[in-house]
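Scroll down for the structure; my scribbles are underneath it.
No value in this document is a laboratory result; all are computed from the given coordinates. All values reported here derive from a predicted model rather than from experimental measurement. Cβ placement follows ideal geometry from the backbone for every residue including glycine, while neighbour counts extend to all protein chains displayed.
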């Protein structure tokens with residue numbers, strides 16, 4: 001077995017130093033250290049439930065080398081839905097529109113949704129579909145997930161318009 | 001010995017590490033291919049040389065009429081590049097349908113060609129542009145035509161100690177890319193194909209370059225099909241001849257994604273579609289074929 005090395009990174013706004021094997025993926029590193037909201041689905045980059053924000057971009061943590069995260073910033077679904085305003089709004093809309101059925105894809109959908117909204121995501125169902133195209137929901141509850149992201153985008157747009165008037 | 005992971009802090013540092021570890025070294029950047037192979041236990045023990053932090057390998061710029069793309073540039077940067085949209089639509093379109101948006105945040109051009117999958121989506125556009133690969137090593141660098149870069153499934157002309165630092169090509173706005181996969185995202189191509197056409201005033205194709213993936217051990221140029229089209233107009237009869245001709249250019253296999261027969265049918269129909277799209281005759285659909 002390869003020797004573990006120390007990896008210092010910021011997770012959900014907190015500086016931590018964790019031990020990672022050279023061949024380990026970020027997903028396992030997070031789960032081993034208690035961030036079990038990051039779900040392990042296919043572990044081959046196909047399903048998207050392990051999606052996290054890495055330096056502000058949504059990536060699949062199962063195909064991200066843990067050791068490559070040294071000095072970087074990671075946000076998980078739990079982190080963004082508690083601490084980031086866009087995440088809190090989206091979380092509430094996931095609940096409001098019933099966007100979580102069995103719940104397994106939800107963490108990845110939340111993070112991908114937050115990434116979409118942070119990057120000037122417009123309330124456009126087609127664009128939202130494309131944005132979440134790499135996240136599988138096997139309950140096939142896509143419509144409600146798209147609804148939740150769509151309405152959050154609308155709310156954010158309304159707010160920005162309101163600020164403009166002030 | 002186990003695996004080792006070393007992060008390079010500059011290109012010279014990476015080249016020094018590559019020289020030191022030779023055949024044991026394996027360059028890693030986005031990790032979207034290598035991490036899957038690790039998970040499937042299909043990656044022998046090695047020393048990962050991590051080049052993810054090398055910002056000097058992330059750029060798209062124009063130099064003397066050539067488009068130069070740093071090897072560490074992500075597919076998501078490509079799909080947001082106005083330069084590529086205007087001047088190299090084949091590569092722009094390939095980036096748009098590459099894997100999925102989240103993988104595109106990590107996956108890089110250098111990684112996609114270095115991994116040398118027969119179905120790599122960035123390969124057909126680069127081949128259709130007759131591009132070059134800039135390869136660096138500790139004591140110098142060389143330019144390799146992309147046509148000579150792929151040597152087999154997962155094999156390239158790279159030697160131990162060498163690193164792909166850039167791909168470059170002469171762009172062509174009359175170019176296009178088409179892909180057929182089994183789902184809309186995260187699809188490994190059943191067939192992917194790119195065309196780049198030099199159109200004369202009278203509408204004849206002065207030159208045409210077609211490259212197709214997932215139908216041979218490496219992405220290949222469809223030379224026989226090109227010969228049928230060169231000097232002629234993209235008319236029905238001409239395209240039908242080229243559709244027959246592409247069958248001698250390709251050598252597909254049957255695998256989990258598709259049968260040989262299906263790939264042959266798809267390849268000729270996609271060739272028709274991509275040539276018409278490159279000539280801007282029909283932007284999206286080129287008809288279903290015969």
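Hey, what D do you get for the protein assembly as shown in µm²/s if you plug the Kirkwood alpha-carbon radius into Stokes-Einstein at 10 °C and 1.306 mPa s? Show your work: numbers first, answer last.
Working: Rh = 23.1 Å.
Approximately 69 µm²/s, per Stokes-Einstein.
Going from the alpha-carbon gyration tensor of the stretch B:107-254, what semi-axes, largest first and in whole Å, does one get by taking the root of 5 times each eigenvalue? Please list the in-between numbers first.
Details: eigenvalues 152, 69, 35 Å².
Over the Cα atoms of the stretch B:107-254, the semi-axes work out to 28, 19, 13 Å.
Counting partner chain Cβ atoms within 10 Å of every residue's Cβ in A:129-136, what's the average?
Numbers: counts 2, 5, 3, 4, 9, 9, 5, 3.
Going residue by residue through A:129-136 and averaging, the value is 5.
Where does helix A:106-118 land angle-wise versus the long Cα axis of chain A, in degrees 0 to 90, nearest 10?
Once rounded, one gets 60 degrees.
In degrees between 0 and 90, to the nearest 10, how far off the longest principal axis of chain B does helix B:236-249 point, with axes built from Cα atoms?
40 degrees
Please compute the average number of Cβ atoms from other chains found within 10 Å of each residue's Cβ in peptide B:46-52.
Working: counts 2, 1, 5, 0, 5, 1, 7.
Averaged over the peptide's residues, the number is 3.
Taking each pair of different alpha-carbon atoms in the stretch A:79-165 once, compute 1/r for the pair, average those values, and report the inverse of that mean as the Kirkwood hydrodynamic radius in Å to one decimal. Display every interim value, and only then the final one.
Details: mean 1/r = 0.0785 Å⁻¹.
Evaluated over the stretch A:79-165, this radius sits at 12.7 Å.
Any chance you could tell me what percent of the C-alpha pair distances in the stretch B:175-278 go past 21 Å? Let's see the in-between values first.
Working: 1508 of 5356 pairs.
Beyond 21 Å sits 28 percent of the P(r) for the stretch B:175-278.
Evaluate the Kirkwood expression for the hydrodynamic radius of the stretch B:4-50, namely the inverse of the mean inverse distance over all pairs of different C-alpha atoms, and round to one decimal in Å.
Details: mean 1/r = 0.0913 Å⁻¹.
So the Kirkwood estimate lands at 11.0 Å.
Taking the Cα-to-Cβ direction at residue B:19 and at residue A:40 and moving 7 Å from each Cα, how far apart do the two end points lie in nm?
Calculated label separation equals 4.1 nm.
What is the distance in Å between the Cα centroid of the stretch A:105-126 and that of the stretch A:7-21?
Spelled out, the Cα-based centre of one part sits 25 Å from the other.
How far, in degrees from 0 to 90, does helix B:11-21 lean away from the longest principal axis of the Cα atoms of chain B, to the nearest 10?
The helix B:11-21 is inclined about 70 degrees to chain B.
Across the Cα atoms of chain A, what radius of gyration and what greatest pairwise Cα-Cα distance (Dmax) are found, in Å?
Cα only, chain A: 16.3, 61 Å (Rg, Dmax).
What number in nm² do you get for the stretch B:53-114 if you take the convex hull of its Cα atoms and divide its surface by four? Walk me through the intermediate numbers first.
Working: hull surface 16.8 nm².
Mean projected area for the stretch B:53-114: 4.2 nm², to one decimal.
Cα-based Rg (one decimal) and Dmax (whole number) for the stretch B:45-178, in Å?
13.9, 44
If R0 is 35 Å, what FRET efficiency do you get for residue B:251 and residue A:3 from their C-beta distance, rounded to 0.05? Walk me through the numbers before you get to the answer.
Numbers: r = 45 Å, r/R0 = 1.28.
It comes to 0.20.
Principal axis extents for the stretch A:5-76, Cα atoms only, whole Å, descending order, please.
28, 23, 19
Please pull out the direction-averaged projected area of chain B, using the convex hull of its alpha-carbon atoms, in nm² to one decimal place. Each step should come with its number before you reach the end.
Values: hull surface 58.9 nm².
Result: 14.7 nm².
What does a probe at residue B:142 reach in the stretch B:153-174, counting residues whose amide N is under 16 Å from the point 7 Å along Cα→Cβ?
B:156-166
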